[in-house]
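Heads up: the structure comes next, in structure tokens.
The values are calculated or read from the model by the stated rules, or taken from the named source; none is laboratory data. Everything quoted here is computed from the prediction, not taken from an experiment. Note that we place each Cβ from the backbone using ideal geometry, even for glycine, and neighbour counts take in every protein chain shown.
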Amino acid sequence: MSIAPVWALLLVVGLFVSGCTTEPIDTGATATATSATLRSGPATAALPDADVVPVDSAVVPGPRADRIIALDRNGTLGDIVFSLGLGTHVVGRDRSTTFPSASRLPYVTETGHAINPERVLAQNPSIVLVTDDATPAGAVDQIRAAGIPVSVFTGQRSVAGSPALIRDVAAALGVPAQGEKLVARTEKQIADARALLPRPTGDPTIGFLYIRGEHLILLAGPGSGADDLIEALGGRDAGTKAGLTAPFTQVSAESMIRADPDVLLVMTQGADSVGGLDKVLQLPAVADTSAGRNRRIVEMDETQILMFGPDTGLVLSALAKAIYV
């Protein structure tokens, strides 16, 4: 099920994930280098596997972790739990946990990602994992009042923060050894993704657009999480370049021309909301940019592109292959 409605709301009110500093990439900025290293034409980035690939099978969780519910608006916590090999112990899911091995599970959140404590308690969980920005505020208190242990994790997502989040979740579930295995795999995949980047990258300006119909077009800026992703891909964030100060800002044609991205990243569901990638390229806010003129636009599923967590390296690799020659 799409996570679009809540993302639109969260982005507008400024409650989206914030990014952290990532390892710098050799950008070697020149206009010639930028042109030479970038692919032209629309592209689709996708993970190599539709489903989660666990690091171990038949993993035995720690005490009081045999019935797990993991909830956050990005689906990252659920992805980590399944990647640790604990999928058979999960008894409920959020609206962003959509990979095939989780499809058997009942939803315990509303369409807008608000936690429904009655649905949570109906699954008789032994532990519930949430983020520090979980809504509504009283839902977590109600679950705790019923005697269910609740572990709270940061809602911020970034490339650099993914290993620590994996370790924290693994520790909460009593499987630190599997946590270290998953961290090692994730860090190797991030390193493999960095190796795919051209040296120098040409310092392309890359913009991340959140689109829901022609009247809701938001450009990502500092603290959005997208800026962190773009930096890891060897680019400059278009929103930051344009002087934006909020994580996401409604953009006009004039502000997009000022940002003048060389490449645009969009969620597949956002592109679909205006008729597909060709229609995105025809939008007034896009057509007159370098990305628009050269048709350099990359789409990726909304449940993948800003999830971070165990799939961070795979997302970076898929995007790198779609962006660079």
### Task
Take the stretch 137-148 and flag every residue that is in contact with a helix residue (DSSP H, G or I) (Cβ under 7 Å, 6 or more places away or on another chain) and part of a helix (DSSP H, G or I).
ALA139, GLN142, ILE143
### Query
Name the pairs: first residue in the stretch 200-216 and aromatic (Phe, Trp, Tyr), second residue part of a loop (DSSP other than H, G, I, E, B), Cβ to Cβ under 8 Å, at least 6 apart or on different chains?
PHE208/SER224; TYR210/LEU216
### Which numbered condition ASP192 fails, given (1) more than 16 Å from SER162 (Cα to Cα); (2) touching a residue at least 24 places away in the same chain (Cβ under 8 Å)
(1)
### Message
Criterion first (in contact (Cβ under 8 Å) with a residue 60 or more places away in the chain and either β-branched (Val, Ile, Thr) or buried (at least 24 other Cβ atoms within 10 Å of the Cβ) (or both)) does ASP228 satisfy it?
### Response
yes
### Task
Could you check THR186 against (1) touching a residue at least 40 places away in the same chain (Cβ under 8 Å); (2) closer than 30 Å to VAL274 by Cβ and say which number it fails?
(2)
### Summary
Of the candidates LEU229, LEU209, the one satisfying the condition of being over 23 Å from LYS279 (Cα atoms) and either out of contact with any Leu (no Cβ under 6 Å at 6 or more places or on another chain) or at pLDDT 95 or above (or both) is LEU229
### Query
Name the residues in the stretch 240-294 that are of a type in the set (Asp, Glu) and crowded, with 19+ Cβ neighbours inside 10 Å, would you?
ASP262
### Query
Any residue at all in the stretch 149-161 that is of a type outside the set (S, T, N, Q), more than 19 Å from VAL90 (Cα to Cα) and not in a loop (DSSP other than H, G, I, E, B)?
no
### Task
Please give the number of the condition ALA291 fails out of (1) farther than 30 Å from ASP168 by Cβ; (2) in contact with a helix residue (DSSP H, G or I) (Cβ under 7 Å, 6 or more places away or on another chain); (3) of a type in the set (A, V, I, L, M).
(2)
### Residue among GLY147, GLY62, GLY75, GLY87 that is loosely packed, with under 14 Cβ neighbours inside 10 Å and either in contact with a Lys or Arg (Cβ under 6 Å, 6 or more places away or on another chain) or not aliphatic (A, V, I, L, M) (or both)
GLY147
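Listed here are the residues, each with its yes/no results for (1) out of contact with any Leu (no Cβ under 8 Å at 6 or more places or on another chain); (2) under 24 Å from ILE305 (Cα atoms); (3) crowded, with 16+ Cβ neighbours inside 10 Å.
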position: GLY155; (1), (2), (3): yes, yes, yes
position: ALA171; (1), (2), (3): yes, no, no
position: VAL175; (1), (2), (3): no, no, yes
position: VAL183; (1), (2), (3): yes, yes, yes
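Residues are listed down the side, and each one gets a yes or a no for (1) in contact with a Pro (Cβ under 6 Å, 6 or more places away or on another chain); (2) touching a residue at least 24 places away in the same chain (Cβ under 8 Å); (3) over 30 Å from THR154 (Cβ atoms):
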{"position": "SER290", "(1), (2), (3)": "no, yes, yes"}
{"position": "VAL298", "(1), (2), (3)": "no, yes, no"}
{"position": "ILE305", "(1), (2), (3)": "no, yes, no"}
{"position": "THR312", "(1), (2), (3)": "no, yes, no"}
{"position": "SER317", "(1), (2), (3)": "no, yes, no"}
{"position": "TYR324", "(1), (2), (3)": "yes, yes, yes"}
### Query
Just for helices (runs of 4 or more DSSP H) wholly inside the stretch 192-284: which have at least 2 residues that are not assigned by TED's automatic domain parsing to the domain that holds GLY313?
none
### Task
Scan the stretch 250-303 residue by residue and report those that are of a type in the set (Val, Ile, Thr) and in contact with an Asp or Glu (Cβ under 8 Å, 6 or more places away or on another chain).
ILE257, VAL266, THR268, VAL274, THR289
